[in-house]
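S.K.: One structure is given below, represented as structure tokens, and several questions about it will come after.
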Amino acid sequence: MLTKTFGAAVQGIDATLITIEVNSSRGCMFSIVGLPDSAVKESYQRILSALQVNGYKLPTTSIVVNMAPADIRKEGSAYDLPLAIGILMATELIHTDRADRYLVMGELSLDGTLQPIKGALPMAIRARELGFEGIIVPRQNAREAAVVNQLLVYGAENLSQVVRFFTQESSTLEPTVVDTRAEFYARQNLFDTDFADVKGQENVKRAVEVAAAGGHNIILVGAPGSGKSMLAKRIPSILPPLSLGESLETTKIHSVAGKLPAGSGLITKRPFRDPHHTISSVAMTGGGSFPQPGEISLSHNGVLFLDELPEFSRSVLEVLRQPLEDRKISISRVRSNVEYPAGFMLVASMNPCPCGYYNHPTKACVCTPAQVQRYLHRISGPLLDRIDLQIEVVPVPFEKISDARAGESSETIRRRVMQARAIQAKRYESYKGIYCNAQMNSKLLALYARPGAKGLALLKHAMQRLNLSARAYDRILKVSRTIADLEGSEQLQSHHLAEAIGYRNLDREDWASR
Ligand SMILES: Nc1ncnc2c1ncn2[C@@H]1O[C@H](COP(=O)(O)OP(=O)(O)OP(=O)(O)O)[C@@H](O)[C@H]1O
Ligand SMILES: [Mg+2]
């Protein structure tokens, strides 16, 4: 008998329908065609065991499985469940006319228990688009799939529950229902850290606010314990809240990477990712033999924090350059390319020198100027070029740390950030793919960030006096634009430029000789 069940393959962060045909006929062999990888081929052994443990005895027949379309590689063990159902139907151990109304995915243990899968959310999205009545996934993935409303989502514990669902009217499986909008608005912006916890550091907080307001990348340079990590962690709380669309997109990426905790639904806060500096290039960008989103995609719509930037391997830092421009990453594979979104705000931190105390107010630095220079040069110029703000973080004195008064709250700062972002959204309305000042190209800079005669004179003087390198020039203009937007000023004024010049600490050619 020939039967059909439906599953899905994930490509990038979207799912494609996979039709699984199973035919059983006389003979005694098993074959599977349609570009399955070895994990899919091995599934037969798992399925046999799961069926046996659950009391199904397969008759001696030949079973041929075809997975279509044939040009998409079928990877991993998540096809176990639709294969098992197909085999049970083809061998007439079960009878149902409902299997073609559901998309079914899940990995089987030898005893028939279902194991969680990756990509349940994009699969559910595709199931709804294609007009399926519902989707059946392992219980751990049910809430994630139920983010898709107007689709019946069933989370199953094991194979026999799924069999009963298809063969008996009175099934014990209950659909998982999530009111996505209500959940989104109820859980939006619940951060457990706040800028109010950071004492003093007014100038750094201001720089961080400017960075958030214009979507600029920023590097914090300071001694150990000066509060760099503390500041970085709080940046998502001053960025504009995620829109529902961004929230869905972010959740999809984490779903595909298998990084959503079991039972969790929508991601409602901007992500903050802080990979360790020993990370490999593949883990950073994504890819690998089972392609997966990397850290740059997991931080999409949020913050990628690279603590101790010079400690990262050069190759890892190099691969960041392209996605920093394109806000996505393409990974080539033997048969196809996959693409993952990678639009993140880069926040980096570093010590000013190997010992960490260069320029420290109280501790003496033991490094020679040459060592300080060499340390800085571990970050390549082209990467530094993509970081608009460079700010020194000087530890706050004890009196300020012990000050009981709370600083300004994240909510207050965020309100200003959102106002400045609204101005930018309007300005770049007609420019596709551009929505904040950090993305301005030279044409837009000439249009919207032109200093007046006074500002130009100031800029020229500062560049000469501080020995600023030429590449600092455009960055200063971009950041000035954001500072002016925070003030609601259409014109770039001298004090906007002066403040932006102050955010180029590392550019100064005399950085290591002060
Ligand atoms: N401005 C501040 N207000 C309140 N607490 C602070 C401040 N600066 C530092 N701290 C305290 O010092 C601790 C160390 O700060 P943090 O870990 O952010 O420093 P760091 O610059 O990242 O250091 P390292 O270079 O060692 O990673 C914080 O957890 C916090 O308790
Ligand atoms: Mg730190």
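Every number in this text was worked out from the coordinates using simple rules, so none of it is lab data. These figures come from a predicted structure and were not determined experimentally. For neighbour counting, all protein chains shown are included, and Cβ atoms are generated from backbone atoms with ideal geometry for every residue, glycine included.
S.K.: Leu2 to Glu308: FRET efficiency via 1/(1 + (r/R0)^6), r the Cβ-Cβ distance, R0 56 Å, to the nearest 0.05?
M.R.: Working: r = 59 Å, r/R0 = 1.06.
Efficiency at R0 = 56 Å is approximately 0.40.
S.K.: Dividing the Cα radius of gyration by the Kirkwood radius, what Rg/Rh value follows for the stretch 84-151? Let's see the in-between values first.
M.R.: On the way: Rg = 12.7 Å, Rh = 12.8 Å.
With Rg and the Kirkwood Rh in hand, the quotient comes to 0.99.
S.K.: Send over the Kirkwood Rh of the stretch 187-437, from the inverse of the averaged 1/r over different Cα pairs, rounded to one decimal Å.
M.R.: Values: mean 1/r = 0.0520 Å⁻¹.
About 19.2 Å for the stretch 187-437.
S.K.: Separate question: Please list, short to long, the whole-number percent of alpha-carbon pairs of the stretch 317-443 in consecutive 10 angstrom bins beginning at zero.
M.R.: Histogramming the stretch 317-443 at 10 Å steps yields 9, 24, 28, 26, 11, 2, 0 percent.
S.K.: Rg/Rh for the stretch 371-449: what does it come to with C-alpha atoms and Rh from Kirkwood? Show your work: numbers first, answer last.
M.R.: Details: Rg = 18.6 Å, Rh = 16.7 Å.
When Rh is taken as the Kirkwood radius, the ratio is 1.11.
S.K.: Also, quick follow-up: Would you calculate the convex hull of the Cα atoms in the stretch 364-500 and tell me its volume per residue in Å³? Spell out each step's value before the answer.
M.R.: Numbers: hull volume 22.9 nm³, N = 137.
Expressed per residue, the convex hull around the Cα atoms of the stretch 364-500 is 167 Å³.
S.K.: Now a separate question. Taking just the C-alpha trace of the stretch 180-282, give me its Rg and Dmax in Å.
M.R.: When restricted to Cα atoms, the stretch 180-282 yields Rg and Dmax of 15.6, 44 Å.
S.K.: Starting from one equal scatterer on each C-alpha and no solvent at all, send me the Debye-based log10 I(q)/I(0) for the chain at q = 0.06 Å⁻¹, two decimals.
M.R.: Normalising to I(0) and taking log10 leaves -0.37.
S.K.: How far apart, in nm, are two points set 7 Å out from the Cα along the Cα-to-Cβ line at Ser38 and at Val282?
M.R.: With each label placed 7 Å out from Cα toward Cβ, I get 1.4 nm.
S.K.: Also: Given charges of +1 on the Cβ of Lys and Arg and -1 on the Cβ of Asp and Glu, with all other atoms neutral, how large is the dipole of the chain about its Cα centre, in debye to the nearest 20?
M.R.: Values: 59 positive and 52 negative charges, 269 e Å.
With only Lys, Arg, Asp and Glu charged at Cβ, the dipole is about 1300 debye.
S.K.: If I model a spin label as a point 7 Å beyond the Cα along the Cα-Cβ vector, how far apart are those points for Arg450 and Leu244 in nm?
M.R.: 4.3
S.K.: Quantify how much of the Cα-Cα distance distribution of the stretch 1-113 extends past 22 Å, in percent. Show your work: numbers first, answer last.
M.R.: Numbers: 1561 of 6328 pairs.
The answer is 25 percent, as a whole percent.
S.K.: Here's another thing I want to ask about it. Plugging the Kirkwood radius over Cα pairs into Stokes-Einstein for the stretch 295-379, at a temperature of 4 °C and a viscosity of 1.567 mPa s, what D comes out in µm²/s?
M.R.: Details: Rh = 14.9 Å.
Rounded, D is 87 µm²/s.
S.K.: Ranked from highest to lowest mean number of other Cβ atoms within 10 Å per residue, what is the order of the peptides 130-138, 436-444, 370-378? Kindly include the intermediate steps, with their values, before the conclusion.
M.R.: Numbers: 130-138: 20.3, 436-444: 18.0, 370-378: 15.4.
Ranking the peptides 130-138, 436-444, 370-378 by packing returns 130-138, 436-444, 370-378.
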